[in-house]
Each structure stands twice: as structure tokens, then as C-alpha cells.
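Report on one structure; see the data block that follows.
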Amino acid sequence: MPEPHQPPAPIGPPAARQIDGPALARAFAAALDALRGQADALNAINVFPVPDGDTGTNMSLTMRAAVEEIARAGEPTLSNVSAAAARGTLMGAKGNSGVILSQIVGAFAAAGATPLDAPALAAVLERGRVAAYHVVSKPREGTILTAIAAAATAAASCADDTPAGDVLTAAVAAAHDAARRSPELMPLLREAGVVDAGAQGLYILLDAMARSINGTGAAPPERLAAIDARWLAATARAHGDGDRSGYCTEFVVHAPSFDEAALRARFAALGTSVLVVRAGGLARVHLHTAEPEAAFAAARALGTLSDEKADDMEAQFQRLMRDAAAPATRAGIAVVAVAAGDGIQALLRSIGAAAIVPGGQTMNPAAGDIRAAIDATGAAEVIVLPDNANVVMAARQAAEGAAARVRVLSATSIPEGVAALVALNTEASFEDNVAAMEQAIATVRTGEVTLAARATRIHGMEVAAGQPIGLVDGDLAVAERSVADAVRACVRRMCEGRSGALVTLYAGERVTMTEAEAVASAIRAELHVDVELVQGGQPHYPYVIGVE
């Protein structure tokens with residue numbers, strides 16, 4: 001099991017007595033640097049082997065929003081810095097981990113203008129604990145919540161007549177211990193052999209802040225997973241080059257041997273910002289290209305692929321602006337939906353969505369993105385369909401303080417969001433629509449088929465890296481030899497006890513309709529159910545399945 005950092009040793013300069021504005025700003029910047037450096041490692045220890053293990057990415061992007069807002073805040077007084085950090089993380093929060101982190105960082109905003117002494121810092125951490133637990137509808141121990149609770153308790157226990165820096169050091173040690181013990185509280189973590197990524201991320205953040213405030217220097221590099229440090233540094237430089245044309249394309253090639261120079265030359269012919277970092281029998285490749293499929297094809301000629309990603313660097317922003325500007329309502333009620341995939345987005349618009357916020361697995365939108373879509377509808381009443389479990393809290397945060405009356409529904413998948421929109425009644429009231437749409441959501445089962453991002457063991461099931469797997473209602477349900485087999489196995493489970501079921505298959509961006517129709521025909525023949533096909537175009541998941 002990967003071990004968290006060790007707590008900072010009690011050596012070096014004396015601990016800081018108080019924390020003023022400039023010191024807090026430096027501490028937040030140090031936390032951002034630490035999270036950036038460990039983002040891929042944190043992503044790699046998420047429990048479920050699906051391509052949305054993005055805790056590290058979401059936490060680092062959330063802290064980046066804080067640091068950028070601090071830079072715009074003017075004079076670095078404690079009030080300015082803490083308020084800017086709270087504002088930045090509030091609207092820049094990404095994913096569940098980012099939303100929880102925004103509550104912890106936001107607790108500094110109530111500290112006032114006086115430099116933080118030990119009792120004041122302990123009070124901040126306690127406010128952060130309360131806010132973090134409050135924002136989670138079903139708190140689970142063994143997570144980032146346990147880590148902030150441990151940190152707050154440790155801070156309170158030593159807050160009398162001691163430097164603020166020592167209080168923070170005690171909080172770091174407690175968060176470290178909470179991350180280390182997280183597998184004891186969550187069986188899935190213990191079975192998978194990892195610590196909780198969110199708890200580990202909070203520990204990394206507090207550790208960096210403590211080292212900055214106490215002047216003990218940055219923490220030494222650490223490998224929580226098999227992440228190549230050269231790759232982390234190189235990809236950060238590439239993403240800062242300002243090139244937003246084409247697709248930011250990344251993947252890992254697995255092969256017995258590589259010639260790095262030949263690899264670079266091969267991919268340089270296909271795009272720009274080419275990075276190739278080799279480590280043993282794998283090579284990480286990054287490039288900006290107008291033809292990601294050509295890059296994938298070239299890589300497949302060399303070996304097997306994993307971790308493929310192709311993000312349109314300009315279209316996401318343009319789609320949000322176009323969708324937010326679209327005319328908004330049915331019966332005076334606007335519906336904002338979160339979705340990825342051109343086909344799925346077009347379907348949602350066709351059945352009543354006023355605005356689409358691009359997002360989903362691996363690309364959770366910020367609360368600010370959702371708020372912008374809510375505001376742009378111009379409607380007095382807005383219903384939000386998160387359509388992803390990792391977007392719900394950001395959507396709720398976006399709804400707070402909006403000028404419109406906003407209700408965030410419980411839809412955590414595309415099939416649930418589609419069912420909710422179908423239930424929208426142009427003649428009914430806002431509350432009646434909310435009730436009807438929630439009822440429709442409850443009738444839907446969701447399946448998702450993808451390739452395992454890594455080998456793991458969950459619920460006694462052994463999964464090999466790259467193996468087709470299927471999740472049913474969010475739980476790993478099947479591991480099969482082919483994607484088609486995984487789809488059929490999921491549908492069998494989802495249709496159990498449901499006579500007259502309607503099955504909808506949403507084919508992903510790399511699935512042809514010929515392939516999808518073959519799968520659909522096999523399901524019809526085996527189960528004697530109606531099957532509809534939608535060319536969804538969603539990334540990462542070859543098939544999303546809805547059963548009503």
C-alpha cells in the first residue's frame with residue numbers, strides 16, 4: 001500500500017507565532033505547487049478502476065482558482081487574501097473533492113483582519129470541518145472528511161499558548177495519520193490496497209502550508225504511485241504553451257522496448273507540443289493534434305494503449321458560450337444539463353434542455369461554469385441536471401446565491417437526465433415538475449462499460465488492466481473478455497425482474513453504429529426487449545446503458 005508523506009520533523013526555524021496576509025498567500029501557493037506535483041499520483045490511487053480518477057486534478061485546479069483570485073485581490077492583507085481564496089475556490093471548485101476543499105479553504109474568510117494566532121487558526125480548521133461535513137449529503141469516514149476532522153481536533157488540543165505554526169504542524173500530523181488509517185475505515189480501500197486519495201490530498205495541502213509558514217522548506221518528492229517525475233514536469237510545461245487549437249491528446253503505450261527519439265519523430269509528424277517519456281515497458285505520449293485518432297492508430301502499431309485522452313482545447317469553451325446564450329425555457333422553466341458527447345448534448349437539447357454545460361467523467365465543470373449557464377438562461381426558475389455523481393456538489397454550490405430559483409435534481413447519469421427531461425411538463429408548476437422529474441429518475445437503471453485503468457480487486461472480483469468492465473448503478477458489476485460481452489452482461493443484470501424493459505444504448509465516440517447495432521441485435525435476440533440506439537459520442541465509456 002502506498003504510504004502518505006511522513007509528518008514534518010520538528011526541526012528547523014522556530015514555528016511562526018502568527019499568520020498574516022502575505023504568509024497565508026504564500027502558503028496557498030505552496031499548497032497549489034504540492035498538489036500539482038502529486039495530482040497524477042493522487043489520481044492513480046482512486047479506488048474504482050475507471051478513467052475518472054481525478055481527485056488530484058480536481059483539488060489542484062480548485063487551489064489554482066484560489067491562487068489566481070488572490071493575485072487579483074490587490075494588497076495582500078489577511079482579509080483580502082482569505083476572501084479571495086474563498087471566492088476563487090467557491091466558483092472554481094471541480095468535482096466532489098474540489099467542492100469539499102472549497103469549504104475548508106473558505107473557512108479562512110471568517111477570520112477577519114487580525115493575523116491568525118493559534119486559537120484563531122484552530123477555529124478556522126473547526127469551521128472548515130463543519131462546512132465540509134455539511135456540504136456532503138451522506139458523509140463517509142475514511143475520506144477527506146475524516147482527515148479534516150482529525151486536523152481540527154489536533155489543532156484545538158494544542159491551541160493554548162503556542163505558536164500558530166505549531167498548531168498547523170499538529171494538524172498536519174493528524175491528517176497524515178487519518179490518511180494512513182483510511183483503509184481501516186473503508187473496506188474497498190483495504191481491498192484495493194490504497195489510501196484514500198482525498199484524505200491524502202488534504203494531507204499534502206496542509207503539509208505544504210505548514211512548511212511554507214514555518215520556513216522548513218518544500219517537502220521532498222515522493223512517489224505514491226508509478227508516476228514518472230519527468231513526465232509531470234514536461235506535461236506541465238506543454239500545457240502552459242498557450243496552444244489551444246486541435247486536441248490535447250495523451251496516452252500510454254505498452255511495449256517491450258522503445259526508441260525514444262524514433263517515437264518523438266513519429267508523433268512530431270502528427271502534431272505539436274510532443275512529449276515522449278519512457279519508463280521501462282511503457283511510454284507516456286502527449287501532443288496537440290488535429291487528428292487524435294491518427295496518433296492513437298500510430299501508437300497501436302507499436303504496442304497496446306491505455307489512458308487515451310483527447311480533449312478539444314477550444315470547443316468546450318465555445319460550446320458553453322453558445323449553449324448559455326440559447327433561448328431558454330419551456331413553460332417559464334429552464335433546464336441546465338451537464339453532458340459530454342455531441343450526440344448526447346444534441347439529444348438533451350432536443351427534448352428540452354435550455355443550456356448544456358460540457359462535462360462528465362474526467363472533465364468535471366467548475367461551479368462557476370454551471371452558475372454562468374444558470375444565469376444566462378434568464379429564467380426565474382431553473383432545474384439543474386448534474387448527470388454525474390461527481391458534479392452534484394458543484395451544481396449545488398452554483399445554485400447558492402443565484403438570482404433564479406434553482407433546484408438541483410438527483411440525476412447522476414445521462415440516462416437519468418434523459419428520463420427527467422422527458423418528464424418535463426410545459427403546463428405544470430415548478431414544484432410539480434421537480435417531483436415528476438425526480439420520480440422519473442428513480443425508475444431508471446444505469447450501466448457504464450469501459451476499460452479498467454489498472455489492475456485491481458473489488459468485491460472479490462479480480463480485474464486486469466485494460467479489461468472490459470461494467471458498472472451498474474455506480475458499482476462494479478462485471479469483468480468480461482470483450483466490450484460487447486460486458487454490455488450484454490450489464491443489460492442482463494439491469495433487466496432482471498423488469499418485464500417489458502426498454503434498453504437504450506449510448507454509443508461512445510469510438511464506437512461505430514455498425515458495431516453498436518450488432519450489440520443491440522444480440523441483446524434483442526437474447527432478452528426479447530426493445531433496444532434503442534443513440535450515437536452519444538461520449539469519451540472514455542464505449543457504452544452507457546439506460547434501462548427503464
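The values are calculated or read from the model by the stated rules, or taken from the named source; none is laboratory data. A quick note: this is a predicted structure, and the numbers were derived from the prediction, not measured. Neighbour counts run over all protein chains shown; Cβ positions are idealised from the backbone, glycine included. Each accessible area value is taken on the protein alone, full model and side chains, heavy atoms only, with ligands, DNA and RNA left out. Shrake-Rupley method; radii C 1.70, N 1.55, O 1.52, S 1.80 Å.
Worth pointing out:
- Other residues lying with their Cβ under 12 Å from the Cβ of VAL167 contribute a combined charge of -4, Lys and Arg counting +1, Asp and Glu -1.
- Amide H contacts under 5 Å for GLY271, placed H, 5+ residues apart: none
- Note that the range 365-410 presents 32 Å² accessible area per residue, ligands and nucleic acids not counted, probe 1.4 Å.
- In sequence order, the range 520-531 has phi-based couplings of 4, 4, 5, 5, 4, 5, 7, 10, 6, 10, 6, 10 Hz under the Karplus curve 6.51 cos²θ - 1.76 cosθ + 1.60, θ = phi - 60°, and Gly or Pro positions carry x.
- Put simply, the range 75-192 fits an ellipsoid with semi-axes of 25, 19, 10 Å; these come from the alpha carbon gyration tensor as the roots of five times its eigenvalues, largest first.
- Of the residues ASP369, ASP160, ASP207, ASP196, the one with the largest accessible area comes first in the ranking ASP160, ASP369, ASP196, ASP207, computed with a 1.4 Å probe on protein heavy atoms.
- Ligands, DNA and RNA left out, the 1.4 Å accessible surface of the range 73-225 is 56% carbon and sulfur atoms.
- Three-way shape call for the range 423-462 based on the alpha-carbon gyration tensor, with the a/c threshold at 1.5: prolate
- Base-10 log of normalised Debye intensity for the range 406-504 (one unit scatterer per alpha-carbon) at q = 0.23 Å⁻¹: -1.11
- In sequence order, calculated HN-Hα J values of the range 532-547 (Karplus, 6.51, -1.76, 1.60; Hz; x Gly/Pro): 10, 10, 10, 7, x, x, 6, x, 6, 10, x, 9, 10, 10, x, 10
- Normalised by the number of residues in the range 350-447, the mean separation of alpha-carbon contacts (under 8 Å, six or more apart) gives a relative contact order of 25 percent.
- Loop-located trypsin sites (Lys or Arg not before Pro) in the range 449-490, at most 13 other Cβ atoms within 10 Å (DSSP): ARG481
- Accessible area of the range 381-488 belonging to carbon and sulfur atoms, whole % at 1.4 Å probe: 48 percent
- For ASN388, the residues whose modelled amide H falls within less than 5 Å of its own, excluding neighbours fewer than 5 places apart on the same chain, are SER413.
- Classified by the C-alpha gyration tensor, the range 347-404 has an oblate form. Its axis ratio a/c, with a ≥ b ≥ c, is 1.5 or above, and a/b does not exceed b/c.
- Distance from the alpha carbon centroid of the range 116-186 to that of the range 398-430 works out to 35 angstrom.
- Among 22-29, 446-453, sorting by the average number of other beta carbon atoms lying within 10 angstrom of each residue, highest first, gives 446-453, 22-29.
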